[in-house]
1. Restricting attention to segment 114-146, and to residues there that are surrounded by 18 or more Cβ atoms within 10 Å (Cβ to Cβ) and over 21 Å from the mean Cα position of the chain (by Cα), which single residue is modelled with the highest pLDDT?
2. Being closer than 24 Å to residue 12 by Cα and outside any strand (DSSP E or B) narrows it down to one residue among 62, 112, 77; which is it?
3. Which numbered condition in (1) within 17 Å of residue 37 (Cα to Cα); (2) touching a residue at least 60 places away in the same chain (Cβ under 8 Å) is the only one that residue 117 fails?
4. Taking the stated definitions as given, is residue 84 outside any helix (DSSP H, G or I) and out of contact with any strand residue (DSSP E or B) (no Cβ under 6 Å at 6 or more places or on another chain)?
5. So which of 162, 147, 210 is in a strand (DSSP E or B) and within 26 Å of residue 132 (Cα to Cα)?
């Protein structure tokens, strides 16, 4: 089996963006699907890829990079040789954006799973038939009280666990962006305390601060 084509297919979707504590008006954004095809008809797909959030489609420059720089390297190759492609491209990481290597890698995982007729998690050795769900927030969702109320609503809906994404370059006191202060430590601690008080001790809480603390001491304090 050999790779015969790699395409990036852009299309428009409607989306309401969430930014700095508020939902913005609905807009049209470009989303992308990457498709890899083989000479035996097997296909693999990946949705998104602009960055760490799959909800974002790739830019025109990123699409061109995949089709003009990465595609020629993999045409004619065995689609199951994913690690070989990483060894080829990772040393050139300064010129090969990591997120685009991930797009290629995950589309190839999807291709192999489809070719074998199994889910990707089976290829990875997974044996579970189901996993527990948990509720999760956006970052900079509002005041600590807003987080606490949201957590309580999620608990009432049956969630047993809740992940807090706190403030990210945003001041919960003024309700405005704050580019000079990545993480308002005191408000983040207040958020955690209020959420715990709201949901009680029988709900699992998780915390993802986006790695924005400036010092070890700040992280330790939280």
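1. So the residue we want is 144.
2. The match here is 62.
3. Answer for residue 117: the failing condition is (2).
4. Values: outside any helix (DSSP H, G or I): no; out of contact with any strand residue (DSSP E or B) (no Cβ under 6 Å at 6 or more places or on another chain): yes.
When the stated conditions are applied, residue 84 does not pass them.
5. Numbers: 147 fails: in a strand (DSSP E or B); 210 fails: in a strand (DSSP E or B).
It is 162.
The values are calculated or read from the model by the stated rules, or taken from the named source; none is laboratory data. These figures come from a predicted structure and were not determined experimentally. When we count neighbours, we look across all protein chains shown, and the Cβ atoms used for this are built from the backbone with ideal geometry, even at glycine.
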